[in-house]
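The values are calculated or read from the model by the stated rules, or taken from the named source; none is laboratory data. Quick caveat: nothing in here was measured; it's all calculated off a predicted structure. A quick note on method: Cβ atoms are made from the backbone with ideal geometry, for glycine too, and the neighbour counts reach across all protein chains shown.
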Amino acid sequence: MSDTLSKNMSLLSQNTLGGFGGVGEGMALQVTGKGRRILWIAHEGPPKNFTGVDVTDPKNTVVVCQTELPHQKMRSNSLEVTGDILAVAYQVYELGLEPAGIELFDVSDPANPKSIGFHSTAGPHSRGVHCLWFVDGQYVHMASGAPDFTPRHPRDDQIYQIIDVRNPGKMEEIGRWWYPGTREGDDAPPPERIIPEPMDQLRGGDAFRLHNANVYPDHPDRAYLGYIDGGAFILDIADKSRPEAVSHWSPHNPYPGFTHTVMPLFDRGLLVVTDECIKDDAEDWPKLTWVIDARNEKNLVPISTLPLPPVEEYGHRGGRFGSHNLHENRPGPSFHSEEIIVGAFFNAGIRVYDLNNPYQPELIAYFVPPAPANSRVNAIQMNEVYVDENGIVYAGDRWAGGLYIMELDI
Amino acid sequence: MIQEYPDFLSQDRPQTLIVYGIVTNPETIANGFGQRPGERPAELTNRYALVSPVSLGLRLSSPGWIDISFQQMSQVKSTGDIFDLCRERIINRSSPFSKLIRLFLERYLEFARAQLEVHKHELGAGPSDNEIFDYRDWVFSAWLPLPQAQILLPPAFDARQPSFAELDIAFSLSAQLIGVKIDGASTPIKSRQKKLNYLIEHHPHLTVVHVPKNRLRDETFIQDLFPESIARFWQGLSLPQGPCPPEILLNRLAP
């Protein structure tokens, strides 16, 4: 595929991040005291830790900061910014390695991030943090292993943890929750595996562990969890020291697992739930984005899915094809809509849906650029997406294309 | 022809088409007007209202918006039963996923009913076996809320196709149109905002009331944001009238 496919979206610029254009699952926008707009970007893997891009002029972006990881057996796949504080997730490739956990940086001078705290979750059964959520300046909600957590299955290691970061120099875990039956010693039986895979491979599917935890400041008593093969959970976290499950929904099986994001649309009583595609060439097709009727949060009912292009057209274009990250309506300089959903769909690019009628979601815009130079696969792999308050869309390619900035014309 | 559609900017016969309720494609309703051009009287159906500057306004008692079968009517035993039926029908005209609109409707309708208790002496206290009407019957004189209103823009906005500006709720009062926008945290969508801006700028009789989302959590209706006529809806009327009146009565009441 050599041409861009698009509808109601146009490219403003691309930045390959100095040749390190593999973008992970973290993008967050900082507006500095001087009005500069810095997009912080996580990387898919080493050697880079995170990159700050000045996107004040979205047509002429400049990398202002790019940091290195301490070693090559780790990644910092996820990050968030609140105010001038950047939180970065550290995950290691082998159990027990360090550093694993979260690090906070003061980025008031974006060119010179200053570390202000580190919270370790390293341990004999821990890979550290895969994904984190930090939008209120007070708590990090994250998927992490822990030194004192022994999973029954090695891939079920990353559980929901709430970290109080109000004192960055002394961060502290104040609550945790895991899928019943996944911890050694649990009374509940272990969950039945969806698609069993060899136990010696730490990465990948066949996992009952947390991916995303979304907690919104205007509804601080609820956490929305994408628990990979365990499906979607709503937790009551009014008492952060004792999270309790309110409800659970999972399409697995027969659907092939990997619930990634659970995004609530509070004013409409809906959830948007993604199942991440994790295999190339559509081997795990279909990986859908589900629309869930959550008017009764104790009885979650799927009512539709976001329409994807035909698998015969996209399945074998190269790389992955299917759902992944969403723009998550986070607070801050961020687009917020309960009707317009923007998602990253790997080789199907960035796709925008109108959920006005949630029974019949409608595709209203998309942007599918050609495969970037030096990519491992012969197609774009849109991995992450963020939309700012002006409707400017920032998206990242998983392998090489770096940052794409688009204007949305809807 | 789009030029034949209702046009609130028309010099000789200005009319406003308000499509309301769960209507995915309002164009189909507008297109119906193109197929029968010419003089159009004011009209109220269960999917749209056609109003003009000389319309009397739309109330719960206005015929056309609610269809109550003879069987249903035979089962109602009181004013309260009919009002509850009206409330249920109005709320069900909005999407089940429009929680804020539904909350507004509930607050507004409860407010209308409560207003009668507050002003019952002004309205003539009842009930009395000797009176035909009870003060509670005035509740059907409350202005009819049209949820999820889509207002047809004139060809001057776009002559190629019908375009609609969206309001969360619309009220047609005598010679005045009130649009309600519930303001939350949502980022405006450019194309929708452009249509709404055009409507606000050009409609000669429209007032838009912005209701902050958090005010809907108030226990009482946000009366202070609306004109007095919303609250004292019975003023200017001589008698109350129920919804869905028999045709023969309508003909006798007609001026």
Item to complete: Give the residue that is nearest to the chain's Cα centre (by Cα), with candidates limited to residues of segment A:343-393 that are among the small types (Gly, Ala, Ser) and within 14 Å of chain B (Cβ to nearest Cβ).
Response: A:Gly391
Worksheet entry | Boolean, B:Arg102 is of a type in the set (D, E, K, R), in a helix (DSSP H, G or I) and surrounded by 14 or more Cβ atoms within 10 Å (Cβ to Cβ) | yes
Practice prompt. Exactly one condition in (1) exposed (fewer than 14 other Cβ atoms within 10 Å of the Cβ); (2) under 25 Å from B:Glu88 (Cβ atoms) is not met by B:Gly236; state its number.
Written response: (2)
Worksheet entry | Given (1) in contact with a His (Cβ under 8 Å, 6 or more places away or on another chain); (2) part of a loop (DSSP other than H, G, I, E, B), number of the condition B:Arg160 does not satisfy | (1)
Discussion item. So if I check each of B:Ile178, B:Ile182, B:Ile230, which one is hydrophobic (A, V, I, L, M, F, W, C), in contact (Cβ under 8 Å) with a residue 12 or more places away in the chain and in contact with a Lys or Arg (Cβ under 9 Å, 6 or more places away or on another chain)?
Written reply: B:Ile182
Worksheet entry | Residues within segment B:211-237 that are within 12 Å of chain A (Cβ to nearest Cβ) and not hydrophobic (A, V, I, L, M, F, W, C), tallied | 3
Discussion item. I'm checking my understanding of the structure. Among residues of segment B:67-83 that are over 22 Å from B:Asp134 (Cα atoms) and either of a type in the set (S, T, N, Q) or surrounded by 14 or more Cβ atoms within 10 Å (Cβ to Cβ) (or both), which one is nearest to the chain's Cα centre (by Cα)?
Written reply: B:Ser69
Fill in: Filter result for A:Ala245 (more than 14 Å from every other protein chain (Cβ to nearest Cβ) and among the aliphatic types (A, V, I, L, M))
yes
Worksheet item: Within segment A:275-282, is even one residue within 22 Å of the chain's Cα centre (by Cα), among the β-branched types (Val, Ile, Thr) and in a strand (DSSP E or B)?
Response: no
Worksheet, complete the sentence: In segment B:203-224, anything assigned to a helix (DSSP H, G or I) and either of a type in the set (Phe, Trp, Tyr) or under 20 Å from the mean Cα position of the chain (by Cα) (or both) is listed as B:Leu216, B:Gln223, B:Asp224
Worksheet item: Filtering segment B:25-53 down to residues that are at pLDDT below 90, in a loop (DSSP other than H, G, I, E, B) and not charged (D, E, K, R), which residue is farthest from B:Pro240 (Cα to Cα)?
Response: B:Gln35
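If you go through segment B:160-187 one residue at a time, how many are within 14 Å of another protein chain (Cβ to nearest Cβ) and at pLDDT 95 or above? Steps first, answer last, please.
The first filter runs over segment B:160-187 and keeps only residues within 14 Å of another protein chain (Cβ to nearest Cβ), leaving B:164, B:166, B:168, B:181-187.
Now narrow it down to the ones that are at pLDDT 95 or above: B:164, B:166, B:168, B:181-182.
Qualifying residue count for the region: 5.
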Item to complete: Name every residue in segment A:84-105 that is assigned to a loop (DSSP other than H, G, I, E, B) and either of a type outside the set (A, V, I, L, M) or under 15 Å from A:Pro47 (Cα atoms) (or both), in order of residue number.
Response: A:Asp84, A:Tyr93, A:Glu94, A:Gly96, A:Glu98, A:Pro99
Practice prompt. Return a yes/no flag: does segment A:231-247 have any residue that is within 20 Å of A:Pro151 (Cβ to Cβ), of a type outside the set (Gly, Ala, Ser), in a loop (DSSP other than H, G, I, E, B) and without any contact (Cβ under 8 Å) to a residue 60 or more places away in the chain.
Written response: no
Response to the item:
When segment B:1-39 is checked residue by residue, the ones that are surrounded by fewer than 16 Cβ atoms within 10 Å (Cβ to Cβ) and in contact with a Phe, Trp or Tyr (Cβ under 7 Å, 6 or more places away or on another chain) are B:Glu4, B:Gly34
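Which residue is nearest to B:Asn46 (Cα to Cα), if the candidates are limited to segment B:81-113 and must be of a type in the set (A, V, I, L, M) and within 14 Å of chain A (Cβ to nearest Cβ)? First the steps, then the outcome.
Our first condition is that a residue be of a type in the set (A, V, I, L, M); within segment B:81-113, this holds for B:82, B:85, B:90-91, B:100-101, B:103, B:105, B:109, B:112.
Now drop any that are not within 14 Å of chain A (Cβ to nearest Cβ), which leaves B:91, B:100-101, B:103.
On the way: B:Ile91: 13, B:Leu100: 21, B:Ile101: 18, B:Leu103: 21 Å.
Applying the filter and picking the extreme gives B:Ile91.
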Item to complete: Please indicate, with yes or no, whether at least one residue in segment B:181-199 is crowded, with 20+ Cβ neighbours inside 10 Å, at negative phi and part of a strand (DSSP E or B).
Response: yes
Worksheet item: Among the strands (runs of 3 or more DSSP E) confined wholly to segment A:323-410, which include 1 or more residues that are among the acidic types (Asp, Glu), surrounded by 22 or more Cβ atoms within 10 Å (Cβ to Cβ) and out of contact with any helix residue (DSSP H, G or I) (no Cβ under 9 Å at 6 or more places or on another chain)?
Response: A:382-387, A:392-397
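Residues are listed down the side, and each one gets a yes or a no for (1) of a type outside the set (Asp, Glu); (2) assigned to a strand (DSSP E or B); (3) over 21 Å from the mean Cα position of the chain (by Cα):
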residue: A:Ser10; (1), (2), (3): yes, yes, yes
residue: A:Glu25; (1), (2), (3): no, yes, no
residue: A:Trp40; (1), (2), (3): yes, yes, no
residue: A:Gly52; (1), (2), (3): yes, yes, no
residue: A:Pro58; (1), (2), (3): yes, no, yes
residue: A:Thr67; (1), (2), (3): yes, yes, no
residue: A:Pro70; (1), (2), (3): yes, no, yes
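With respect to A:Ser334, determine if the residue is in contact with a Leu (Cβ under 8 Å, 6 or more places away or on another chain), among the hydroxyl-bearing types (Ser, Thr, Tyr) and either farther than 18 Å from A:Asn212 by Cβ or within 14 Å of chain B (Cβ to nearest Cβ) (or both).
On the way: in contact with a Leu (Cβ under 8 Å, 6 or more places away or on another chain): yes; among the hydroxyl-bearing types (Ser, Thr, Tyr): yes; either farther than 18 Å from A:Asn212 by Cβ or within 14 Å of chain B (Cβ to nearest Cβ) (or both): yes.
In short, yes.
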Worksheet item: For residues in segment A:293-326 being within 19 Å of A:Ala213 (Cβ to Cβ) and away from chain B (no Cβ under 11 Å), which is nearest to the chain's Cα centre (by Cα)?
Response: A:Asn325
Response to the item:
When (1) surrounded by 15 or more Cβ atoms within 10 Å (Cβ to Cβ); (2) assigned to a loop (DSSP other than H, G, I, E, B) are applied to A:Val81, the one that fails is (2)
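Rundown of residues vs (1) under 25 Å from B:Pro63 (Cβ atoms); (2) within 14 Å of chain A (Cβ to nearest Cβ), yes/no style:
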| position | (1), (2) |
| --- | --- |
| B:Trp143 | yes, no |
| B:Asp158 | no, no |
| B:Lys190 | no, yes |
| B:Val209 | no, no |
| B:Gly242 | yes, no |
